[in-house]
Amino acid sequence: MAESSFAVLNHIGTIVLDESSEIRFSIDAYRGYRYASIRKYLTSGAYTGATRAGITMTAEIVKAVAPLLAKLPDDPAQLTDVELGKFAKRPGMSVIVRISSFKGTRGLDFRQWQEDEAYKGWTKKGIRLPVEKIKEIKELFAKMAAALAETPIQ
């Protein structure tokens, strides 16, 4: 693999949202760095492939978030709106994980927060996962954490 190329190293799993959309969990590599990716994909007559809705996370973020998700109840009705944590991605950039309500629906939100001289606030990067799929999300996140803990094949 060329150092500047992108590659999907390990497809962890998929959550089907409806007949034309799904969310894929994977371990990817870019420029020699491995990271976790959660991205929405569409299948339609006009377009099939990845959307902009998604987020990448370092192994350290996944390692910190996985046990927090594991402690959540499997029953979506028992979940309350709460910020689970803010995790540094790089200087000036964090990933905030929270359960929140937006336009009448609740979801598990992974969203980037930028904080530097130029801007302070939410970025466009992130993804909202349906709380109804919390059990599947927890299982896929645990698999991602385990895959990132493995020594990469050189």
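The values are calculated or read from the model by the stated rules, or taken from the named source; none is laboratory data. Predicted, not measured: the structure shown is a model, and the values here were computed from it. Note that each Cβ is placed from the backbone with ideal geometry, even for glycine, and that neighbours are counted across all protein chains shown.
Just one residue in the set Ile99, Ile137 is aliphatic (A, V, I, L, M) and not in a strand (DSSP E or B); that residue is Ile137.
This table checks each residue for (1) buried (at least 17 other Cβ atoms within 10 Å of the Cβ); (2) touching a Phe, Trp or Tyr at 6+ places or on another chain (Cβ under 7 Å); (3) at pLDDT 95 or above; (4) of a type in the set (Phe, Trp, Tyr).
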{"position": "Pro73", "(1), (2), (3), (4)": "no, no, yes, no"}
{"position": "Ala77", "(1), (2), (3), (4)": "no, no, no, no"}
{"position": "Phe87", "(1), (2), (3), (4)": "yes, no, yes, yes"}
{"position": "Glu117", "(1), (2), (3), (4)": "no, no, no, no"}
{"position": "Leu129", "(1), (2), (3), (4)": "yes, no, yes, no"}
{"position": "Glu132", "(1), (2), (3), (4)": "no, no, yes, no"}
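Filtering Glu83, Glu117 for residues that are of a type in the set (Asp, Glu) and not in a strand (DSSP E or B) leaves a single hit, Glu117. For a quick check of your reading of the model, give me the residue pairs whose first member lies in the stretch 41-67 and is touching a residue at least 24 places away in the same chain (Cβ under 8 Å) and under 20 Å from Leu84 (Cα atoms), whose second is crowded, with 17+ Cβ neighbours inside 10 Å and of a type in the set (Ser, Thr, Tyr), with beta-carbon atoms closer than 7 Å and at least 6 apart or on different chains. Going by the 7 Å Cβ cut-off, the qualifying pairs are Gly54/Ser37; Thr56/Tyr35; Thr56/Ser37; Met57/Tyr35; Thr58/Tyr35. Only residues that are touching a residue at least 24 places away in the same chain (Cβ under 8 Å) and surrounded by fewer than 11 Cβ atoms within 10 Å (Cβ to Cβ) were counted across the stretch 92-105, and they come to 1. In the set (1) under 23 Å from Ile96 (Cβ atoms); (2) modelled with pLDDT under 95; (3) touching a Gly at 6+ places or on another chain (Cβ under 6 Å), the condition left unmet by Tyr30 is number (3). Listed here are the strands (runs of 3 or more DSSP E) enclosed by the stretch 1-58 that have at least 1 residues being closer than 21 Å to Arg128 by Cβ, over 15 Å from the mean Cα position of the chain (by Cα) and of a type in the set (Gly, Ala, Ser): 21-30, 48-57. Glu132 satisfies every condition listed in (1) under 26 Å from Ser21 (Cα atoms); (2) more than 13 Å from the chain's Cα centre (by Cα); (3) in a strand (DSSP E or B) except (3).
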